[in-house]
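Heads up: the structure comes next, in structure tokens.
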Amino acid sequence: SAPVITVDGPGGSGKGTITQMLARKLGWHLLDSGALYRLTALAAVRQGVSLDDENGLVKVAAGLDVAFEPTPEGEPVKVILAGQDVTADIRTESAGDNASKVAVMQPVRDALLQRQRDFRQAPGLVADGRDMGTVVFPDAPVKIFLTASAEERAQRRYSQLKDAGVDVNIDALLEEIRVRDERDMNRSAAPLKPADDAQVIDSTGLSIEEVLDRCMAAAGQ
Ligand code: C5P
């Protein structure tokens, strides 16, 4: 089957940007698995399904009508849910928080598993997530685990939001990041951790270009 590069790590580690750049450089497909968890939570809220109704959430996850539309270089991939552009809606802090709540449920994860594996197509796939190397593509030839300190991730998120004209408090952001990390690492379903055969790259203090170079080197490119 087609080769896969898995890129796992906590939120704000630069994974999103790096995986998009890697996929473009290599001309490979991209899987943003976090978007599927964000979409499941968003679709549930819109359909009036409670975020602790496990059976309801499994149905929402299994029935997600989603399309990822390519965009020009530098722009985030467009995410279409049931014909509606939800690219911005799934990127809010609350969408991320809701995603991490539905992601603790093993049956919800199971409902999204095959959909993720279907992205593995020629000439190759770059897969962004928390459990790409441990659960979804355990046989991937290249596994990267991207980290950065919580302070640095909060600072990056703060700058992004500031550029987008959103006024936020950096201490509140840092606290949200810590809460989400805690939930992702301590859950029993696919906890966030590097695969045994992953190469760990700490992006604290590195520029995007430096991180990309290290990832390309890790991928043997
Ligand atoms: O990466 P992103 O911030 O979009 O992910 C949102 C949430 O979805 C994460 O905090 C995590 O709880 C969950 N997630 C997951 N497994 C993945 C990708 C995301 O559990 N492969």
Worksheet item: Extension gain R117-V104, at 0.36 nm per residue separation less the Cα-Cα distance, in nm?
Response: 2.7 nm
Item to complete: Subtracting the Cα-Cα distance from 0.36 nm times the residue separation, let me have the gained length for K162 to A88 in nm, one decimal.
Response: 25.1 nm
Practice prompt. For K59, go through the lysines and keep the ones whose alpha-carbon is under 18 Å away, minus same-chain ones fewer than eight residues off.
Written response: K101
Worksheet item: Just by accessible area at a 1.4 angstrom probe, what is the order of Y37, Y158 from largest to smallest?
Response: Y158, Y37
Worksheet item: When the helix-only estimate is applied to the chain (DSSP H runs of n ≥ 4, each -39,500 (n - 2.57), divided by the residue count), what is the mean residue ellipticity at 222 nm, nearest 500 deg cm²/dmol?
Response: -14000 deg cm²/dmol
Discussion item. Ordering M132, M185, M105 by accessible area with a probe of 1.4 Å, largest first, what comes out?
Written reply: M185, M105, M132
Worksheet, complete the sentence: Taking a straight Cα-to-Cα line shorter than 23 Å from K25, and setting aside same-chain lysines fewer than 8 residues away, one finds K15, K78, K143
Discussion item. Over the chain, what portion of Cα pair distances is larger than 25 Å, expressed as a whole percent?
Written reply: 36 percent
Worksheet entry | Shape of region 98-221, Cα gyration tensor, a/c cut at 1.5 | oblate
Worksheet item: What's the FRET efficiency of D171 with D53 using the Cβ-Cβ distance as r and R₀ = 45 Å, to the nearest 0.05?
Response: 0.85
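The values are calculated or read from the model by the stated rules, or taken from the named source; none is laboratory data. Values in this document were obtained by computation on a predicted structure and should not be read as measured data. Cβ: placed from backbone, ideal geometry, glycine included. Neighbour counts: every protein chain shown. Side chains included, ligands, DNA and RNA excluded: accessible areas come from the protein's heavy atoms. Shrake-Rupley method; radii C 1.70, N 1.55, O 1.52, S 1.80 Å.
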